[in-house]
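The values are calculated or read from the model by the stated rules, or taken from the named source; none is laboratory data. Quick caveat: nothing in here was measured; it's all calculated off a predicted structure. Here the Cβ positions follow ideal geometry from the backbone for every residue, glycine too, while neighbour counts run over all protein chains shown. The accessibility values were calculated without ligands, DNA or RNA, using every heavy atom of the protein model including side chains. Shrake-Rupley method; radii C 1.70, N 1.55, O 1.52, S 1.80 Å.
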Amino acid sequence: LWFSSFFSFTGMQMQQVARALLAWQLTHSYGSIGLISLSFGLPMLCFSLVGGSLADRFEKRNLTLVSQFVTALLAVVNALMLVTDTITIEWLFLLGLGGGTAMALGMPARSPLMAQVVGPQHVMSAMAMSNAAMNATRLFGPAVAGVMVATINLESVYFLQAALYVVSCGLLLFVPTGLGAASAVARGNMFREIGNGLAYVARDSRLRQLNISMLAISFFAMPYVMLLAGFVHEDLGKGDAAFGFLQSVSGVGALVGSLAVATLTAYARKTLLQWVAGITGGLGLVLLALGSRSFGYPGAIGAVLVLGLALTAYQTLNST
């Protein structure tokens with residue numbers, strides 16, 4: 001399961017670089033980059049609750065398999081449209097909607113499957129190690145994608161992404177079924193259950209605060225990742241490979257943050273750690289602005305290292 005995630009996350013990291021660069025190449029507009037980011041995020045907002053409800057009803061491994069296969073198929077379609085020179089910003093938006101929907105319906109099955117494998121006493125370490133798989137791929141995935149775009153072409157990144165997802169699907173076939181099987185409890189109407197879940201979160205002050213905390217960091221901090229493509233090209237005067245390297249530096253910080261959290265399972269004051277990580281992430285954004293203005297590309301490198309570490313630690317602790 002961990003190695004399947006590793007290959008899947010590698011493809012995802014490469015796709016993020018390719019999607020941002022493609023949106024910038026097609027339009028040279030920050031607004032268009034934001035629109036493409038919205039195309040991926042909107043289905044996550046609309047369908048994640050549906051995905052969670054489906055994960056309660058069906059075999060979690062198989063749901064994850066279907067999600068990965070659809071993502072691979074969409075990557076091939078994107079690559080073929082680049083080869084035939086038929087890709088437009090509108091098509092990129094539609095492909096983003098498809099990819100976001102596949103992830104929204106599949107991802108809610110993967111995390112509980114990981115938790116059920118290790119048992120409740122190791123959930124924090126499992127979540128941290130799952131994030132470590134994702135963040136380890138951020139060390140080389142974006143850099144490889146940036147170099148491939150600079151030396152070969154964009155479509156090669158999408159073809160490789162599709163291949164990585166196929167490998168991920170193959171590894172998932174070795175995960176036995178039944179680990180995350182649907183509950184034996186009789187299920188009612190899906191949308192009534194979703195409503196009950198939202199009402200439960202609204203009533204529970206701790207869950208309400210945690211959801212608001214994650215929303216704040218997702219809305220105000222994480223969009224910097226998509227804007228980096230235009231920022232590196234227009235403001236720092238660097239190329240595609242430099243953008244990929246900058247994403248990889250962020251991955252170094254993220255991996256350190258994940259592994260650090262993995263060692264703190266027994267630490268009692270997790271709320272304090274999350275608070276410090278959130279404040280540090282905000283300061284990292286200020287550092288990105290001021291450091292790049294004063295020192296150019298090296299200043300940006302130092303800032304994204306801090307951002308990767310702080311925001312990953314924050315998200316991992318919040319999810320735990």
Exercise. Limited to the stretch 83-98, what total is found for residues that are part of a helix (DSSP H, G or I), hydrophobic (A, V, I, L, M, F, W, C) and open to solvent by less than 30 Å² (accessible area, probe 1.4 Å)?
Worked result: 2
Seminar exercise, completed: Result of the Cβ filter at 7 Å on the stretch 203-226, keeping first residues that are farther than 19 Å from Gly308 by Cβ and partners that are of a type in the set (Val, Ile, Thr), at least 6 apart or interchain, is Leu207/Val201; Arg208/Val201; Asn211/Val201
Exercise. What is the residue count in the stretch 177-224 for residues that are open to solvent by 80 Å² or more (accessible area, probe 1.4 Å) and at pLDDT 80 or above?
Worked result: 14
Problem set entry | Every residue from the stretch 68-79 that is touching a residue at least 40 places away in the same chain (Cβ under 8 Å), over 19 Å from the mean Cα position of the chain (by Cα) and open to solvent by 20 Å² or more (accessible area, probe 1.4 Å) | Val76
Exercise. Is it the case that Ser53 is part of a helix (DSSP H, G or I), more than 23 Å from Gly146 (Cβ to Cβ) and open to solvent by less than 20 Å² (accessible area, probe 1.4 Å)?
Worked result: yes
Exercise. Of the residues Thr265, Thr280, which single one is part of a helix (DSSP H, G or I), open to solvent by 40 Å² or more (accessible area, probe 1.4 Å) and over 25 Å from Glu234 (Cβ atoms)?
Worked result: Thr280
Problem set entry | Set Ser8, Ser67: member being within 16 Å of Met114 (Cα to Cα), of a type in the set (S, T, N, Q) and at pLDDT 90 or above | Ser8
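The rows are residues; the columns are (1) under 16 Å from the mean Cα position of the chain (by Cα); (2) part of a helix (DSSP H, G or I); (3) buried (at least 21 other Cβ atoms within 10 Å of the Cβ).
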residue: Ser4; (1), (2), (3): yes, yes, yes
residue: Ala18; (1), (2), (3): yes, yes, yes
residue: Ile33; (1), (2), (3): no, yes, yes
residue: Leu38; (1), (2), (3): yes, yes, no
residue: Met81; (1), (2), (3): no, yes, no
residue: Gly100; (1), (2), (3): yes, yes, yes
Seminar exercise, completed: The one condition Asp235 fails out of (1) in contact (Cβ under 8 Å) with a residue 40 or more places away in the chain; (2) closer than 27 Å to Ser29 by Cα; (3) in contact with a Leu (Cβ under 7 Å, 6 or more places away or on another chain) is (3)
